[in-house]
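Accompanying notes for the structure given below.
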Amino acid sequence: MDRFERFSFAVFEITRCWHKIAGEEMKKYGLKGTCAVYLRSIAKHPEGLTAANLSEITGKDKADVSRAVSAMIAKGLIIRECESQKSYRAPLILTEEGKIAVSHIENCIRVAVEMGSKGLIQEKREIFYESLELIVSNLQTLSKEGLPKGE
């Protein structure tokens, strides 16, 4: 149980801190912190990404994605590639201002990751990420299949 509490608290605290950092940085654009994730996801798909794809990739609900997309369009960071298509099916692409925002976000991420891992030697960092990926994979399987019966 101690491992569970340590793990849960650590993951929660990392997430809380990142949301706070992202929120502060995205205030510069008049947006919420979650838009940082959306903008980076769109940047990784220069051919365009639909709102439905964005919801799937980020694991965020469609309503949140829709509100964020509207806000990012209003701020001039993204556009719908084909205005004639239904809004949820139209590919979203970054504007030049959006590309500048993504560059800013990626710099913030780089600094946060560097500061967050300060004091870790490369070997421990690699072990940490391998371990974390294994835990994620195991928990994803468990969440899909449910707890084993009789345990």
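The values are calculated or read from the model by the stated rules, or taken from the named source; none is laboratory data. What you are looking at is a predicted structure, and each value in this text was computed from that prediction instead of being measured. Quick reminder, even Gly has a Cβ in these numbers, built from the backbone with ideal geometry, and neighbours come from all protein chains shown. Heads up: the accessible areas ignore ligands, DNA and RNA and are worked out on the full protein's heavy atoms, side chains in. Shrake-Rupley method; radii C 1.70, N 1.55, O 1.52, S 1.80 Å.
Results, tabulated for the structure shown:
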item: Residue 58-residue 149 FRET efficiency (beta carbon distance; Förster radius 41 Å; 0.05 resolution); result: 0.80
item: Highest-MSF residue in the chain out of 38, 29, 129 [GNM, Cα springs under 10 Å]; result: 129
item: The chain, accessible area per residue, ligands and nucleic acids excluded (1.4 Å, Å²); result: 72
item: Inter-centroid distance (Cα atoms) of the range 1-75 relative to the range 79-151, Å; result: 9
item: Dipole in debye (nearest 20) - the range 1-44, about Cα centre, beta carbon charges: Lys, Arg +1; Asp, Glu -1; result: 220
item: Gain on full stretching of the segment that runs from residue 47 to residue 103 - 0.36 nm per residue minus C-alpha separation; result: 18.4 nm
item: Rounded to 10°, Cα long-axis angle of helix 122-145 versus longest principal axis of the chain; result: 80
item: Unsatisfied cross-links (Cα-Cα over 21 Å) in the set 27/99; 27/75; 32/99; 60/118; 20/44; 28/99; result: 60/118; 20/44
item: Relative contact order, percent, the chain [alpha-carbon distance under 8 Å, six or more residues apart]; result: 17
item: Contour minus Cα-Cα distance for residue 140 and residue 114 (0.36 nm per residue); result: 6.6 nm
item: Cα-based helix-to-principal-axis angle, 34-43 vs the chain, degrees rounded to 10; result: 70
item: Nearest 10 degrees, 0 to 90: helix 96-116 Cα axis against the chain principal axis; result: 20
item: Accessible area of the range 1-56 belonging to carbon and sulfur atoms, whole % at 1.4 Å probe; result: 60
item: Virtual paramagnetic centre 7 Å along Cα→Cβ of residue 3, amide N under 18 Å, in the range 106-139; result: 127-139
